[in-house]
Amino acid sequence: MTMLKMDRRSFVIGSATVGAGLALGLKIPFGPDVVRAEDGSPEVNAWVVIRPDDTVVIRVARSEMGQGTITGLAQMVAEELECDWSKVTTEYPTPGQSVKRKRVWGDFSTGGSRGIRTSHEYVRKGGATARVMLVQAAADQWKVPASECTVANSVITHKPSGRTTTYGKVAEAAAKITPPANVALKDPKEWKLIGKSVKRLDTLPKVTGAQVYGADLKLPGMLTAAIKDCPVFGGKVQSFEAAKVSGMPGVKHVLKVGESAVTVVADTWWQAKVALDALPIVWDEGPNAKVSSADIAKMLEAGLTADQAFVGNSNGDVKAGLASAAKKIEATYAYPFQNHAPMEPMNATAKYTPDKCEVWVPTQNGEAAFAATTAASGLPADKCEVYKINLGGGFGRRGAFHDYVTQAVLIAKQIPGTPVKLLWSREEDMMHGKYHPVMQAKLTGGLDASGNLTALQFRLSGQSIIAAVFPQNLQNGRDFLTFQGLHPSGDFGFGYTVPNLMIDHAMRNTHVPPGFWRGVNINQNAIFLECFMDELALAAGQDPLAFRRKLMANHPKHLAVLNAVADRVGWGKPAPQGVHRGLAQMMSFGSYVAACAEVSVTGGDKIKVQRIVAAIDTGYTVNPAQVERQMAGSFVYGLSALFMEECTVKNGRIEQTNFPAYDSMRIAQMPKVEAIVMPSGGFWGGVGEPTICVAAPAVLNAYAAATGKRVRTFPLKNHGITLV
Amino acid sequence: MRLTVNGKSHEVNVDPATPLLWAIREHVGLTGTKYGCGVKVCGACTVHLDGKPVRSCVIPSSAAVGRQVTTIEGLAAGGALHKVQKAWVDNEVPQCGYCQSGMIMAVAALLKDKPKPTDADIDATITNICRCGTFQQVREAIHAAAKA
Ligand code: FES
Ligand code: FES
C-alpha cells in the first residue's frame, strides 16, 4: 500500500479554487508533524482534511468534466471514513504537490473510464485509514481502548461510558497518529453510501453562472491570446506581418509560437481575435498540403486485403472454416475522422518567470499537463505548478494531449511575469483536434447448413492512436487498443465464441493526428461487429437475438445484459405499429453493455429514435443516478457521431470549421432512454464511456429492420439519412 | 458606451461592433455567459435582451445600449433561485455545465412565453447544443419547472 506512505514534512495544499495555488508554500506554524490544508485545518491523511466545524474535505486527483467522478470518488472515501455526507466537500491536489509527495494520490489521468475502476481500492483505504486514526485519537483522549468506540456520521461514541465527540474535535490529534499499516475494508454488503444515488456535489454553481471554467479565468494583470496553428498538420509558419496589426486596439504582442503557430496577445480576447483574423500569415504547408480524404480512404482500402496485419484475436482455422462453409457473407464498412468538440474550446493560462512557471488549465490529466509545463518552460519540476480548473467537457481531448498548454507556456515565456490566457476559437478547435481515428473493416462470415456461424474473418484497416501518441506501448508494432471489444478476454472481451476466428489490423497511419475520443476504438468496432452479426442472422434466416444467443453460451455476463434489454422491450413480441427494433451488445472498459433501439422511419430516410433501452453491468455501481445520466449522455454523443459528424480532409486540412458543418444532436432528436443498471458484483467496470458504443449499431440494426437497407459508411448524413 | 446588465448600469470602453458576449465577459466581467461557437448555432451565449432570448455572440454591443440585458447571474432574484435553476438543481441536470447557462436562459424565456410548454414546444424552441448530452434531464426539468 504505497499510496499511504505519508511524507510528514509540512505542506500546504492549494484548494481547487481559482488562484488559491498562489498561497502554496505558505508554512503555517502549528505542530511539527501535521500536514495542513491552506486554511490551517489538519490533514488526517492525504485524502482527508477535517475542519474544526466537522467539514470533511476529500481530495480527488481525477478530474471532474461532468461525468460525476468527484462525487463518486468522494462517496468511496466517505463510505469507509464514516463521516457525515452532508458536510463533505472536495478539492483537487495539484500535480506539483503530487510530485513532491511521491505521487501519494496515485494517477491523475481521467480517461478510459478509469476514475473509479482503477482507484477504488486505494481511495477506500484512504478513508478507512483516516477513520482508524480519528477513532484512535478519541480513544487516546478518553484513555479507553479504540475497540470500545464506534463511529457513525462523523460522531465517535464510547459505548461503555456514553461519551461522544466529533471528527472536527479530534482531527488535530488524529493527524499526529502514525497511520496503521493495514486497514480492513468493508464487505460490499455493508455499504451505505456506495451504490446510493446521492446528489452530485457540484450542481449549484453550474446553474448560477458561478462555476469558473478555464476560459473564464481572471488573474491580475492578465493578457489574453488568440492563436492560429498552420491549418495543414505538419506545416510551419513561413512569415507574418506583425506591423499590419500591432497598432490595432488592445494589441500588445504578435508572436510566433513554436514552429507552426502565430498568436496575437491583447487586452481582451475579442481584440486578439479580430487582430489575428486581420494578420497576414504565410504558411509553409509542408509535405501534406495536397492530401485529401479520398487519398486516405484509398490507402485504408488497400489495407483490407494486405498480406501483413497484426493479429488481435484468433482461434481455429478461419481459411478452412470459410472454405467449408455452406454460405459465405461479406461486407465492408468505413468510419470517419471525428472531432471531440467539447463545448468549451481548448484553453490554458500560463505565467512564466525564470524562477517559476504556473499553469491554470482544464485538464483530464493534471500530471500530463504538468509534464507539458515542465517541457515547454524548460524549468525543473520544483519550479513548475499546474492548477486544475473545471472542464467544459473533455471526452478524451484534454487527457493525453496538452498542445494548448505547450502553446500557452511558449507564449508566456516571451512575456515573462505577465499571465496570459490562451483561448482557442471554435475554428481553431475544429481544425486542430486529435481526431477519432479513421478505420475501415472487411468482414467475412461462414455459415454451416443449419445457419450456425462457423468462421469469422474480420480485418481492420486504419489508424493507430497508440502508434501516434504512446509508441512505446506498441507490442512489436501491434496496437492492442485497436481491438477494443474484440480481445480474447479482459476489459474489452469479445462476447462470442466462433470456432474459426481471425481478427487482425492492417495499420495505416495518416498525417491527421488521432486521439482518444469517448469510447475510442470500441465505437467503430461495435458498429462493424454488431451490424455484421445482424447481417449474418439475416443470411441465416434467424432472429438476431436467437442468432447471438447461440454464440454467447460461454459469455454469461455479455448475455445477461443482452437478455435484460430484450426482456424489457419484449423482444419477439410485436412492436408498436411502425416501430422497428435493433440490438447490440459489447464489453467495454470493464463493463458489459447492451442496447435495444426502437425506431420509426418516414420517407425512407428520416429516422426517429423513439426509445433506447440500455443495460450496463459495472460489477459494482457507486451512484446509479449518475450512471443513468452517463448512459443517456453517451447516446447523445454516439448518435451525433453516427448521424452527423465527419471531419473530411482537403488540401491537407480539416474542412469543417464550426457547428453546424460539424453538427450535434438537439433536444428534439433525443430518444427516450431507459437505463437498466444491473451491477452483478465482484468487479469494477467503467461508466463514462462503455455504453456509447451500443447506440449506433442498435439504431443501424433497427433501421435495417425497418427498411431492409444496410448502411455501411458513416456518418448517415452522407446518405441523406437524418435524425428527426 | 453604457450597458445595463442585470439592472446595473456599466460604463464600458468597448468598440461598438464587439459582440455583446465579449462585452459582458471581458468588460462587464460576468463570465457565466459562455462562448461556444461564435456563429449563433450552439446557444451557450444566450442572454435576455429586454426579456427576449438572444445569442449574444452575434449581437453588436451597440445594439444593447438603452436596453435591459439579463445574464445567468441576474436570473436569481433577491438571492432566491429562479424556478428553472431550482428545477435544474432538483433534477441534477448539469454534467460539465458549460452549456447550461445558455440552456437555462433559453428555458426561462420559453416558460415566460409558454408557462406550460408541450414537448413539441420544447423541441421547437430549445435548440442549444449540449455535448455532454443532458437533454433527457433538461426535458424533465422543464416540465418540473412548469409545474412549480
Ligand atoms: S456562442 Fe453564441 S451561439 Fe454559440
Ligand atoms: S452539460 Fe456539458 S455541454 Fe451541456
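The values are calculated or read from the model by the stated rules, or taken from the named source; none is laboratory data. Since the structure is predicted, the reported quantities are computational estimates derived from the model, not experimental observations. Here the Cβ is made from the backbone with ideal geometry for all residues, glycine too, and neighbour counts use every protein chain on show. Surface accessibility is based on the protein's heavy atoms, side chains included, excluding ligands, DNA and RNA. Shrake-Rupley method; radii C 1.70, N 1.55, O 1.52, S 1.80 Å.
For the reader, a short list of remarks on this structure follows.
- On the principal axes of its alpha carbon atoms, region A:395-511 extends 75, 29, 23 Å, with the longest extent given first.
- Residue-averaged [θ]222 nm for chain A, counting only DSSP H segments that reach four residues, each worth -39500 (n - 2.57): -8000 deg cm²/dmol
- Pairs beyond 21 Å (Cα-Cα), from A:Lys228/A:Lys413; A:Lys236/A:Lys256; A:Lys421/B:Lys86; A:Lys169/A:Lys199; A:Lys608/B:Lys83; A:Lys244/A:Lys434: A:Lys421/B:Lys86; A:Lys169/A:Lys199; A:Lys608/B:Lys83; A:Lys244/A:Lys434
- Global form of region A:177-263, assessed from the alpha-carbon gyration tensor, a/c cut-off 1.5: prolate
- A convex hull fitted around the alpha carbon atoms of region B:83-147 yields 69 Å³ per residue.
- Under the span-like rule (Cα at least 15 Å along the axis, Kyte-Doolittle mean at least -1.0), DSSP H helices of chain B: B:100-113, B:135-147
- Normalised per residue, the accessible area of region B:2-74 is 37 Å², obtained with a 1.4 Å probe and no contribution from ligands, DNA or RNA.
- Cα-only radius of gyration and Dmax that characterise chain A, units Å: 27.3, 83
- At a threshold of 40 Å², the residues of region B:84-111 that become less accessible to a 1.4 Å probe in the full protein assembly than in their chain on its own are B:Val89, B:Glu92, B:Pro94, B:Gln95, B:Cys96, B:Tyr98.
- Counting only whole DSSP H helices of chain A, the ones at least 27 Å long by C-alpha along their axis and with mean Kyte-Doolittle hydropathy no lower than -1.0 are A:120-142, A:624-644.
- Over all other residues within a Cβ to Cβ distance under 15 Å of A:Leu551, the charged ones net out to -1, with Lys and Arg as +1 and Asp and Glu as -1.
- On the principal axes of its alpha carbon atoms, region B:29-72 extends 27, 19, 18 Å, with the longest extent given first.
- Working note: 222 nm ellipticity from helices only, DSSP H runs with n ≥ 4, each -39,500 (n - 2.57), summed and divided by the residues of chain B, gives -8500 deg cm²/dmol to the nearest 500.
- If R0 is taken as 51 Å, the Cβ-Cβ distance between A:Phe470 and A:Thr164 corresponds to a FRET efficiency of 0.45.
- Centre-to-centre, using Cα atoms only, region A:577-596 and region A:274-316 are separated by 32 Å.
- Computed from the alpha carbon atoms alone, the convex hull of region A:79-234 holds 224 Å³ per residue.
- Chain B: radius of gyration and largest Cα-Cα distance (Dmax), Å: 14.8, 43
- Accessible area buried by the pairing of A and B, both sides summed with a 1.4 Å probe, works out to roughly 4300 Å².
- Residues of region A:322-343 that bury at least 30 Å² of accessible area when the other protein chains are present, relative to the chain alone (probe 1.4 Å, heavy atoms, ligands and nucleic acids excluded): A:Met343.
- Figure note: A:Met248, A:Met670 ranked by solvent-accessible area, largest first, 1.4 Å probe, ligands and nucleic acids not counted: A:Met248, A:Met670.
- Solvent accessible area, Å² - A:Leu559, 1.4 Å probe, full protein context: 40
- Between A:Ala546 and B:Thr4, the simple label model (points 7 Å from Cα in the Cβ direction) yields a spacing of 7.2 nm.
- The trypsin sites (Lys or Arg not before Pro) found in region A:37-133 that occupy coil by DSSP, while having at most 13 further C-beta atoms within 10 Å, are A:Lys102.
- Averaging the Cα positions of each part gives two centres, and for region A:388-449 and region A:507-560 these lie 27 Å apart.
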